[in-house]
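Structure record follows, encoded as structure tokens.
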Amino acid sequence: MVGVLAALKRSERAFEKDDVIFLEQVGRQVAWTTKGRLRSAIKKRNRGFTGARLAQNQHARIVEATTDARCNAAFESVLSSTIF
């Protein structure tokens, strides 16, 4: 992740060393927080995709089992009515 931190002054004098150190600390803190929130959002999104995939797979298994049960019932009905 790349970002920009702008620090402007009304006067034309250069920033003092303490100012630079402070701004570097603020920049690191903002970057750390932003990176953590981004990771959290990605994990949350991935959990959502995983949950959707699991639900989709479970639905497919239920449909398959229901279809198999219907086919078995129809087949047994045909067998029971057939005279050999």
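Read the figures in this text as sums done on the coordinates, not as results from a lab. The model shown is predicted, which means the values in this text are computed figures rather than measured ones. Cβ sites come from the backbone with ideal geometry, for glycine too, and all protein chains shown count toward neighbours.
Packing, as the average of other Cβ atoms within 10 Å across residues, places the peptides 30-42, 7-19 in the order 30-42, 7-19, highest first.
Neighbours of Lys17 by Cβ distance under 15 Å: Lys/Arg scored +1, Asp/Glu scored -1, total -2.
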